[in-house]
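Peer 1: Sharing a structure here in structure tokens format.
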Amino acid sequence: MKLTDLLHSAKPTVSCELFPPKPGTALLDAPAVVGRMAALHPAYMSVTCSAGGSGNGGSTTADMANEVQNVNGVPALAHLTCVAASREEIRASLEHLRLLGIENVLALRGDLPEGGSFPLPDGYHHASELAADIRAFGGFCIGGACYPEGHPEAPSLTADIEALRYKIDAGCEFLTTQMFFDNNELYRYLYRLRCAGIDVPVVAGIMPVTNGKQIRRIMALSGSKLPARFRAIIDRFGESPAAMEQAGVAYATEQIIDLIANGVVHVHIYTMNRPEIAGRIMANLSEILA
Ligand code: FAD
């Protein structure tokens with residue numbers, strides 16, 4: 001199934017992100033994690049892909065996407081990063097995904113790996129170049145990433161939105177956002193996208209924060225702002241794992257309910273491979289998603 005069939009509908013969807021085991025290692029407990037996540041009936045599951053070095057775009061992402069779709073019957077969205085990949089490697093990854101029947105790919109540049117010189121001489125500079133190659137390859141529904149608070153490398157949000165247009169023109173049919181903790185950031189961003197003439201479906205990425213240490217790492221990577229209300233929760237419960245989990249699930253649930261109430265009906269949960277957390281959020285939304 002092509003995800004645009006779901007994402008052009010007004011019926012709310014919740015999907016889940018998984019990450020595969022490190023490249024070169026076996027799937028180990030990954031099938032169990034996929035199975036438990038699939039039992040929550042997400043609309044689809046995405047599988048991340050490492051940005052650099054060996055295994056990039058390689059078998060672990062494809063294997064896990066295979067497990068999602070062909071073993072558990074949930075549509076899979078395979079992430080594909082290009083910053084450290086040659087065009088031949090990308091082509092091989094696409095051929096592999098096609099053989100597995102995976103129809104949806106999230107076209108990403110990936111974070112610049114430390115050391116080495118990237119991009120490769122014949123390689124990719126931006127996700128839009130990858131999207132164009134995937135479109136030329138044919139047969140895939142292509143998505144891209146977007147950043148409600150601006151990509152950290154972009155000189156301004158305006159410049160980032162201008163660059164986003166290249167992705168759409170190159171073939172991205174939907175976008176998934178970076179996590180955000182203040183829905184008003186997303187509403188403002190969506191307004192700016194519409195003003196810029198970008199009208200593809202946008203899936204809101206929600207990260208349930210379940211421990212204080214995790215959030216400090218995330219903030220450093222994503223540059224997302226923390227609203228005062230959320231900072232107070234971390235200050236109060238950050239060192240108390242059970243309380244922080246409960247508060248993190250409640251906060252993510254509230255964010256999702258507010259999004260759906262305001263017409264942002266497609267939500268993607270960054271699950272950190274924790275079906276029990278995704279399950280608690282899904283249970284809180286059972287009547288809303290019915
Ligand atoms: P790009 O679209 O290439 O943008 C990167 C920067 O270049 C931006 O600042 C943009 O404004 C600018 N830019 C883009 N095009 C142009 C242009 N033509 N001219 C000038 N500037 C331009 N990382 C992983 O390694 N693996 C994953 O699986 C993964 N999944 C992700 C999923 C989502 C939903 C999101 C939001 C991010 C994900 N990331 C993942 C992180 C992502 O790879 C990084 O944020 C990376 O730094 C940028 O990737 P991109 O595809 O947005 O790049």
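The values are calculated or read from the model by the stated rules, or taken from the named source; none is laboratory data. Here the structure is a predicted model, which is why all the values come from computation and not from measurement. As a convention, Cβ positions derive from the backbone with ideal geometry for all residues, glycine included, and neighbour counts pool all protein chains shown. All accessible areas refer to the heavy atoms of the entire protein, side chains included, with ligands and DNA or RNA removed. Shrake-Rupley method; radii C 1.70, N 1.55, O 1.52, S 1.80 Å.
Peer 1: Identify, by number, the condition in (1) away from the ligand (no atom under 11 Å from the Cβ); (2) in a helix (DSSP H, G or I); (3) free of Cβ contacts under 8 Å to residues at least 24 places away in the same chain that His96 doesn't meet.
Peer 2: (3)
Peer 1: While we're on this one: Quick one: is Ile256 modelled with pLDDT of 95 or more and under 27 Å from Cys49 (Cβ atoms)?
Peer 2: yes
Peer 1: Let me ask something additional. Can we say Asp199 is touching a Leu at 6+ places or on another chain (Cβ under 8 Å), away from the ligand (no atom under 16 Å from the Cβ) and not polar (S, T, N, Q)?
Peer 2: yes
Peer 1: Here is a further query. Of everything in the stretch 108-159, what is modelled with pLDDT under 95, within 11 Å of the ligand (Cβ to nearest atom) and small (Gly, Ala, Ser)? Give them in sequence order.
Peer 2: Of everything in the stretch 108-159, just one residue is modelled with pLDDT under 95, within 11 Å of the ligand (Cβ to nearest atom) and small (Gly, Ala, Ser), namely Gly110.
Peer 1: Here are some conditions: (1) under 22 Å from Tyr147 (Cα atoms); (2) open to solvent by 10 Å² or more (accessible area, probe 1.4 Å). Lys213 meets all but one. Which one does it not meet?
Peer 2: Among (1) under 22 Å from Tyr147 (Cα atoms); (2) open to solvent by 10 Å² or more (accessible area, probe 1.4 Å), the lone unmet condition for Lys213 is (1).
Peer 1: Here's a follow-up. When the residues of the stretch 167-210 are narrowed to those that are among the charged types (D, E, K, R) and buried (at least 20 other Cβ atoms within 10 Å of the Cβ), which ends up nearest to Thr81 (Cα to Cα)?
Peer 2: So, considering only residues that are among the charged types (D, E, K, R) and buried (at least 20 other Cβ atoms within 10 Å of the Cβ), the one nearest to Thr81 (Cα to Cα) is Lys167.
Peer 1: Shifting gears a bit: Can you run down the residue pairs with Cβ atoms below 6 Å, 6 or more apart or on separate chains, where the first is in the stretch 104-128 and within 18 Å of Gln178 (Cβ to Cβ) and the partner is more than 10 Å from the ligand (Cβ to nearest atom) and at pLDDT below 95?
Peer 2: These pairs meet every condition: Leu112/Phe118.
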